[in-house]
Amino acid sequence: MRGERGSKPSVYSLFFDGVLTRTDPERAHHGAFRAIRAARPVLASRRTPGEQVTALGLTFPNVLGLAAGFDKNAVGIDALAALGFGHVEIGTVTGEPQPGNPKPRLFRLPEDRAIVNRMGFNNDGAEVVARRLAERSRGRDRLGHRSRPVLGVNIGKSKVVPDDDQAAVEADYEKSARLLAPYADYLVVNVSSPNTPGLRNLQAVEKLRPLLEHVRRTADAVTRTRVPLLVKIAPDLADEDVLGVADLALAIGLDGIIATNTTISRAGLRTPADRVGEIGAGGLSGRPLTGRALEVLRLLRERVGPDLTLVGVGGISTVQDARDRLTAGADLLQAYSAFVYEGPLWPRRIVRGVA
Ligand SMILES: Cc1cc2nc3c(=O)[nH]c(=O)nc-3n(C[C@H](O)[C@H](O)[C@H](O)COP(=O)(O)O)c2cc1C
């Protein structure tokens with residue numbers, strides 16, 4: 001593993017090659033996350049790098065955020081922001097707490113700088129996460145941060161709720177929206193994870209429209225200031241369905257679209273096919289996603305015009321990737337996999353590189 005900047009391996013890449021690649025990926029995630037949280041007191045006084053971005057009616061400290069899935073339970077928002085992320089999207093949080101899929105469920109494909117996951121929305125549930133966010137907002141003034149990260153809250157469907165029962169689906173998202181919208185700077189309806197059976201069917205416009213309208217009404221009922229609402233879509237949608245979501249977003253006054261989630265495609269991988277087969281089902285993220293995620297973003301921007309906020313995510317790993325996504329029309333960027341491969345200094349490097 002080599003750092004982006006050239007031939008000399010970084011301390012993190014040596015650590016990654018020597019230790020992390022030999023550790024179970026899920027245990028490595030928890031270990032790394034614990035270390036990041038432990039380092040927060042040291043990091044918190046550092047100035048957030050980059051230039052401010054105005055989007056969704058909010059001021060983001062910089063353009064780059066941590067994508068959903070890393071901090072599913074809102075336990076390390078400020079520590080992650082201290083690494084240089086201007087926003088952190090917690091979740092996916094579901095109405096009911098759930099353990100997720102059986103392990104192993106997280107796999108690295110180092111030859112592709114990619115990750116396959118079938119976590120299945122393991123999370124503490126909306127009630128516990130809401131309590132955690134309430135505690136954080138009470139303690140925040142004492143934290144002494146130079147600048148506060150924007151907090152995104154990503155909500156999804158509980159596994160116990162059947163995807164073909166629209167009323168039950170809406171009630172489930174409603175529970176999360178009611179409990180979490182009061183703490184969210186922006187709210188995301190996730191209908192694009194491949195790991196909850198049937199979830200992606202909710203991307204069909206005739207299901208998505210009433211769901212988004214219901215979440216909108218719920219959020220409005222529990223907040224004094226209007227919380228921006230976004231939808232996160234899959235890269236596996238056909239182009240015409242991407243455009244369908246774009247048209248829907250404009251029609252119902254959605255604030256933005258996050259493109260994209262992980263893919264179920266395994267096309268063009270360097271990882272040997274037998275290894276890929278052994279890993280099995282799940283969402284693929286990282287480098288192999290770059291092309292399609294960029295394409296989806298471009299399609300969206302062409303369709304929605306300049307006003308709707310678009311968040312570009314999927315395979316952003318270098319400064320050039322970040323620039324390409326901004327050129328294609330992204331207002332904000334997010335990443336997950338490159339942060340895993342490149343390490344804790346990566347967010348600052350990208351943010352400084354695009355500034
Ligand atoms: C281990 C893992 C867990 C994820 N969990 C979620 C999740 O709970 N909700 C969600 O919307 N996206 C989730 N994602 C998708 C990411 O937010 C992101 O959309 C995707 O990984 C593409 O970005 P990347 O190529 O920079 O990783 C997850 C990704 C990974 C790798």
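The values are calculated or read from the model by the stated rules, or taken from the named source; none is laboratory data. What you see is a predicted model; the values in this text were computed from it and never measured. Every residue, glycine among them, receives a Cβ derived from its backbone with ideal geometry; neighbour counts consider all protein chains shown. Accessible surface areas use protein heavy atoms only, side chains included; no ligands, DNA or RNA. Shrake-Rupley method; radii C 1.70, N 1.55, O 1.52, S 1.80 Å.
At a temperature of 37 °C and a viscosity of 0.692 mPa s, determine how fast the range 103-251 diffuses translationally according to Stokes-Einstein, using the Kirkwood radius over alpha-carbon pairs as Rh; express D in µm²/s, rounded to the nearest whole number.
195
Name the long-range amide H neighbours of Val93: under 5 Å, sequence gap of 5 or more, or other chain; modelled H, no Pro or chain starts.
Distant-sequence amide H within range of Val93: Asn154, Ile155, Gly156.
Between Asp241 and Asp274, how many nm apart are label points set 7 Å from Cα along the C-beta direction?
3.4
Check cross-link reach from Lys157 to the lysines: straight Cα distance under 21 Å, and skip same-chain residues fewer than eight apart.
Lys72, Lys103, Lys175, Lys207, Lys232
How much accessible area per residue does the range 254-355 have, counting only protein heavy atoms and a probe of 1.4 Å, in square angstrom?
Here the per-residue accessible area is 38 Å².
For the range 21-180, give the percent of accessible area contributed by carbon and sulfur heavy atoms, probe 1.4 Å, rounded to a whole number.
Ligands and nucleic acids excluded, carbon and sulfur give 49 percent.
Expressed in nm to one decimal, what extension gain is obtained for the pair Ile252 and Glu302 from 0.36 nm per residue of sequence separation less their Cα-Cα distance?
16.2 nm
State the dimensionless ratio Rg/Rh of the range 246-341 (Rg: radius of gyration of Cα atoms; Rh: Kirkwood radius).
Reported Rg/Rh, Kirkwood definition of Rh: 1.03.
Once you place label points 7 Å from the Cα toward the Cβ at Ala355 and Ala39, how far apart are they in nm?
Taking the simple label geometry, Ala355 and Ala39 are separated by 1.8 nm.
So, taking all protein chains as they sit and a 1.4 Å probe, how much accessible area belongs to His30, in Å² rounded to tens?
90
Between Ala134 and Lys8, what FRET efficiency comes out of the Förster formula 1/(1 + (r/R0)^6) with R0 = 51 Å and r the beta carbon distance, rounded to 0.05?
Between Lys8 and Ala134 the formula returns 0.65.
Setting aside same-chain residues fewer than 8 positions from Lys159, which aspartates and glutamates have a Cα under 20 Å from its Cα?
Asp71, Glu96, Asp124, Glu127, Glu170, Asp172, Glu174
Which value, in debye to the nearest 20, gives the size of the charge dipole of the range 94-247 about its Cα centre, when Lys and Arg are +1 and Asp and Glu are -1 at the Cβ?
Dipole size: approximately 1080 debye.
What is the percent carbon and sulfur in the accessible area of the range 215-268, measuring with a 1.4 Å probe over the protein chains and ignoring ligands?
51
Over the range 73-218, what relative contact order in percent results from Cα pairs under 8 Å that are six or more residues apart?
Taking the mean separation of contacting Cα pairs over the length of the range 73-218, I get 26 percent.
Would you mind computing the Rg to Rh ratio of the chain from its alpha-carbon coordinates, Kirkwood style for Rh?
0.93
Would you work out the relative contact order for the range 204-355, in percent, from Cα pairs under 8 angstrom that are 6 or more residues apart?
Rounded, it is 20 percent for the range 204-355.
Divide by every residue of the chain the summed helix terms, -39500 (n - 2.57) for each DSSP H run of at least 4, and state the resulting mean residue ellipticity at 222 nm, rounded to the nearest 500 deg cm²/dmol.
Rounded to the nearest 500, it is -11500 deg cm²/dmol.
Please report Rg (one decimal) and Dmax (integer) in Å for the Cα set of the range 1-160.
So, for the range 1-160, Rg and Dmax equal 16.9, 49 Å respectively.
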